[in-house]
1. Would you call residue B:155 touching a helix residue (DSSP H, G or I) at 6+ places or on another chain (Cβ under 8 Å), away from chain A (no Cβ under 14 Å) and closer than 18 Å to residue B:96 by Cβ?
2. With the checklist (1) farther than 20 Å from residue A:259 by Cα; (2) in contact (Cβ under 8 Å) with a residue 60 or more places away in the chain; (3) in a helix (DSSP H, G or I) in hand, flag the one item residue A:197 doesn't pass.
3. Taking the criterion of being exposed (fewer than 15 other Cβ atoms within 10 Å of the Cβ), more than 30 Å from residue A:225 (Cα to Cα) and either assigned by TED's automatic domain parsing to the domain that holds residue A:299 or modelled with pLDDT under 95 (or both), would at least one residue in the range A:46-66 satisfy it?
4. Please find, within the range B:171-189, the residue that is nearest to the other protein chains (Cβ to nearest Cβ) out of those that are within 16 Å of residue A:131 (Cβ to Cβ) and buried (at least 20 other Cβ atoms within 10 Å of the Cβ).
5. Find the residue count for the range A:200-214, including only residues that are part of a helix (DSSP H, G or I) and either in contact with a strand residue (DSSP E or B) (Cβ under 6 Å, 6 or more places away or on another chain) or facing another protein chain (nearest Cβ under 10 Å) (or both).
6. List the residue pairs whose Cβ atoms are under 9 Å apart, where the first residue sits in the range B:95-115 and is in the same structural domain as residue B:396 (by TED's automatic domain parsing), the second is part of a loop (DSSP other than H, G, I, E, B) and buried (at least 24 other Cβ atoms within 10 Å of the Cβ), and the two are 6 or more positions apart or on different chains.
7. Return a yes/no flag: does the range B:285-302 have any residue that is at pLDDT 95 or above, under 18 Å from residue B:400 (Cα atoms) and in contact with a strand residue (DSSP E or B) (Cβ under 9 Å, 6 or more places away or on another chain).
8. Considering the range B:95-132 alone, what residues qualify as being crowded, with 22+ Cβ neighbours inside 10 Å and in a loop (DSSP other than H, G, I, E, B)?
């Protein structure tokens with residue numbers, strides 16, 4: 001098993017499949033009266049959050065607690081971090097406390113890579129800048145597999161602000177590894193340069209959402225921040241919604257079985273219309289539930305291989 | 001004044017000879033000179049070059065003496081074979097007045113390890129809004145001739161035009177940090193496949209090329225000299241080549257790191273590889289090497305940019321850009337093979353690109369002269385056969401931000417002489 005989960009590229013098909021299969025086992029727990037496993041008893045998981053992200057932090061916290069780990073939440077607000085402590089000094093502190101795993105959310109791309117150099121424990125990237133968010137990609141893959149029964153051969157359209165999206169990068173990497181075909185869709189200003197060759201072979205780019213929808217098995221809508229307008233990535237929210245938003249008429253272009261995903265939080269009326277978000281095709285609520293199972297699987301597999309018996 | 005006899009040295013790699021240094025000049029040359037009264041330096045197997053001249057050094061004093069001082073930077077320079085360095089103006093306070101440039105010049109004299117030639121800021125506070133007192137700096141004891149807002153681009157075309165024109169009165173030259181700031185807001189690394197993969201905001205090549213294209217046209221229009229700092233892209237090479245062919249008075253420099261390293265190194269997210277302009281692609285590196293050999297790029301300049309540990313041991317986006325380079329420059333250039341001919345270093349060409357041409361551009365009359373009778377005794381002795389592994393802890397610079405840690409590089413500076421006195425002997429600084 002890998003030691004850290006920093007990027008979707010850290011996962012080969014075998015490892016990714018193992019995580020998804022393990023997550024499926026973890027999901028059966030959710031139906032039980034006692035939802036807890038003793039697996040990580042005595043292990044310490046630190047949630048180190050430099051950005052507000054209640055949903056991701058709660059998801060990791062629930063995952064670690066269901067595995068009986070001790071959980072320390074360390075948020076940049078109200079800690080020494082806001083007094084200007086460096087990431088390295090924070091890392092040394094966590095190291096001295098004996099953190100077995102650190103789940104990090106950080107506004108700077110690559111911060112988890114830096115952290116992994118400075119601590120002995122496992123590092124899980126819970127979103128770094130505009131780089132990656134690998135557990136989001138895993139939960140998205142898990143959701144697709146649950147709904148559609150497979151990943152290999154699926155056509156997944158990832159739509160919106162790909163340039164600034166860590167979710168998109170991790171999804172492209174993981175889905176390509178697992179045999180899905182990815183088309184990135186958005187205005188040219190929000191498609192990063194050389195994307196077709198940068199991440200994985202076979203990635204397609206389209207500027208025309210309507211042309212892509214009929215062949216898509218999955219449409220993943222990315223959050224688009226309104227402030228991108230001010231930087232001239234697109235002229236107005238209205239024009240964005242008209243060209244790249246998923247509304248009810250567009251949804252009808254989809255195949256019968258196709259699903260609609262969104263990593264949240266949504267801008268209803270911008271990239272996704274309310275009637276789409278609330279339709280039976282939407283997996284948005286399932287994604288949240290699956291997030292806990294997938295993060296349990298990740299923590300279990302990263303830490304499980306190095307139990308108390310192999311402490312040296 | 002004591003004299004030195006350098007015995008059995010190959011000047012610019014030619015047949016071996018002896019060099020007698022006396023009273024600050026090369027007094028005699030020829031095989032088998034009389035050693036009486038002189039300190040003898042055995043130089044069997046060594047190559048003598050005119051002392052190297054760096055047109056682009058950040059000495060950080062005044063203001064960031066924790067990162068470098070004029071003295072520590074001068075020592076690093078001497079150990080790298082340099083006898084003159086041009087100190088960039090982005091200090092704190094900015095070198096935008098006669099007072100600050102004279103302070104830096106005086107600190108250089110006191111250190112006495114290389115000739116420190118201050119560069120003056122083009123605009124007050126490097127703010128890009130109004131001209132600094134360029135004439136006062138030119139008339140000061142520091143006799144400033146190169147003006148640069150390096151670290152920032154003189155982006156306003158009207159202000160750039162004025163600066164180019166104004167310095168003609170005292171044969172000045174504007175050294176431009178070519179970076180269109182609106183195209184590089186938030187930029188962290190070269191814009192391309194790697195920046196896309198790493199999720200780091202891109203610094204597109206066009207941001208450099210657009211400014212160089214504009215500036216060569218401006219220089220042509222007003223009949224002035226312009227110098228391009230740290231040229232880094234294949235496209236910039238084409239623009240400078242065309243401008244030179246038209247007779248524009250443009251010169252350009254390339255750094256050792258842009259001749260060797262590529263943007264792939266950012267994948268580690270280790271900010272030791274963060275630099276401005278950023279490391280480019282392998283295709284750019286190839287074009288830069290060819291342009292340096294051809295002469296489209298006139299010189300190698302280090303852009304030696306020391307930074308304190310805390311400014312580099314952090315997240316990539318929060319790190320300051322820059323690398324130290326004085327102590328490794330010649331070795332890095334040798335390792336690229338850019339200035340080789342028939343597989344061997346072309347020492348005459350190396351002397352041209354790293355000593356004579358930069359001395360000419362900067363107007364440093366005492367530097368850039370091959371060791372010959374009557375020439376100022378500013379020279380360095382290189383052991384071309386030596387190899388060394390770069391250890392950041394052994395650098396004389398106060399900072400450790402070298403991208404070459406653990407890298408084995410060819411060549412070693414054995415001795416450096418400044419105005420006839422050794423600053424480096426046996427590879428060690430004499431003070």
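The values are calculated or read from the model by the stated rules, or taken from the named source; none is laboratory data. What you see is a predicted model, and the numbers here were worked out from it, not measured in a lab. So basically every Cβ, Gly included, is an ideal-geometry build from the backbone, and we count neighbours across all protein chains shown.
1. Numbers: touching a helix residue (DSSP H, G or I) at 6+ places or on another chain (Cβ under 8 Å): yes; away from chain A (no Cβ under 14 Å): yes; closer than 18 Å to residue B:96 by Cβ: yes.
Yes, satisfied.
2. (2)
3. no
4. Keep residues of the range B:171-189 that are within 16 Å of residue A:131 (Cβ to Cβ), which gives B:186-189.
Add one more test, that the residue is buried (at least 20 other Cβ atoms within 10 Å of the Cβ), and what stays is B:187-189.
Values: B:187: 13, B:188: 8, B:189: 10 Å.
Step by step, filter the range B:171-189, then rank; the result is B:188.
5. Narrowing the range A:200-214 to residues part of a helix (DSSP H, G or I): A:209-214.
Right, trim to either in contact with a strand residue (DSSP E or B) (Cβ under 6 Å, 6 or more places away or on another chain) or facing another protein chain (nearest Cβ under 10 Å) (or both) and you get A:209, A:212.
So the count comes out to 2.
6. none
7. Scanning the range B:285-302 turns up at least one residue that is at pLDDT 95 or above, under 18 Å from residue B:400 (Cα atoms) and in contact with a strand residue (DSSP E or B) (Cβ under 9 Å, 6 or more places away or on another chain).
8. B:95, B:96, B:113, B:114, B:119, B:121, B:122, B:132, listed by residue number.
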